[in-house]
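**Student:** Encoded as structure tokens, here's the structure I'll be asking about.
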Amino acid sequence: MTPSRRTALKVLAGGGVAAAAAAAPVALAREPKVAPPGAMGMLYDTTRCIGCKACVFACQQANDLEPERDAEGLHLAPVDLGARTKNVIKLYKDGARMSYMKAQCLHCVDPACASACMLHSLQKDPKTGVVGYDPSYCVGCRYCQMACPFGVPKFEFAKAVPKIVKCELCRHRVKAEAKQDAAGFTRYASGEGPACCEVCPREAVVYGTRDELIAEAARRIKENPGRYFEDRAYGVKEAGGTQVLYLSHLPFDKLGLPSLPDRGVPHVAYTIQEGLYKGFVAPVVLYGALAAAMWRNRRGSAPPEVQG
Ligand code: SF4
Ligand code: SF4
Ligand code: SF4
């Protein structure tokens, strides 16, 4: 956690509006981030996906998310990310061509959602780069939803104590150290990696370190000339890089993947924060009071450490 963010958090916790406004310009300026050496992620390849949606149901099961059901109690496949859906398979068309597309959190190298979250409920793990969520600090402001360039975080509107819902790369399942297979690819024992990758019958979505996945994408492109619309993976550079990468036979923007600059987009988050700091005193006071109340309720626990 950088001193500027720690300072901002502490002044917010104390409801120090003037101090928060003074700290804001410091928080607005910072260097782009790079992926940690052990950054984990996924590679999804549209040319291998058959749309079976095994990954969707495995994700719901692994994350204790109750699926939608029809009148007979049968599971309904979700059509988009939602409060019960961290992973969805969509079907896109480009003229006569079609493609499946797996949508979930991309675990950005420089996540705008985490930057927008003033109470640091969303944090990037310094070792794996997984963007995790701690609901105990969340006040339900949904600034993370506004900041995410991929429209990923969803909110449990129907619950009395709602939380944000998004893929956390099944971090609760990953317990053991990774092993390398004969090809040098990172493998986990059954049940100890992302459920979606484990059940995919086509290796359309695979798990590994970001470096491995970039190499795997390059291998597939080289061994299959002409198969992909672009001979590159989406996410290597977009938005400062993501840890979930895509190979596609359709243009990326036809799959709902936005064209983004190579730099990170936390400036969106900072624009939100700047608006709060400079334009709206009341929300800052509210945040300070809420944060102070939460920490009082959690007596003895220190404020969360974050990568600033
Ligand atoms: S895709 Fe959205 S929710 Fe996921 S890490 Fe990036 S900004 Fe956050
Ligand atoms: S990594 Fe886990 S939470 Fe994320 S999409 Fe896959 S199964 Fe769902
Ligand atoms: S399990 Fe694999 S092949 Fe089936 S829909 Fe998911 S990504 Fe596609």
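**Student:** Below 12 angstrom from the Cβ of M42, what's the summed charge of the other residues (Lys, Arg +1; Asp, Glu -1)?
**Tutor:** Neighbourhood net charge equals -3.
**Student:** Another question, if that's okay. Treating only the Cα positions of segment 110-213 as identical point scatterers, give the base-10 log of I(q)/I(0) from the Debye formula at each q in 0.14, 0.16 Å⁻¹.
**Tutor:** Relative scattering, expressed as log10 I(q)/I(0), comes to -0.65, -0.80.
**Student:** Turning to a different aspect of this structure: Could you pull out every one of the aspartates and glutamates with an alpha carbon less than 20 Å from that of K127, ignoring same-chain neighbours closer than 8 positions?
**Tutor:** Candidates past the 8-residue exclusion: E31, D110, E168, E177, E192, D211, E212, E305.
**Student:** Run down the lysines and flag those whose C-alpha is under 16 Å from the C-alpha of K163, throwing out any fewer than 8 positions away in its chain.
**Tutor:** Straight-distance partners of K163: K86, K154.
Any read-out appearing in this document is the output of simple, stated calculations on the displayed coordinates, not a laboratory observation. Computed from a prediction, not measured in an experiment: that's the story for all the values here. Every residue, glycine as well, gets a Cβ built from its backbone with ideal geometry; the counts of neighbours run over all protein chains shown.
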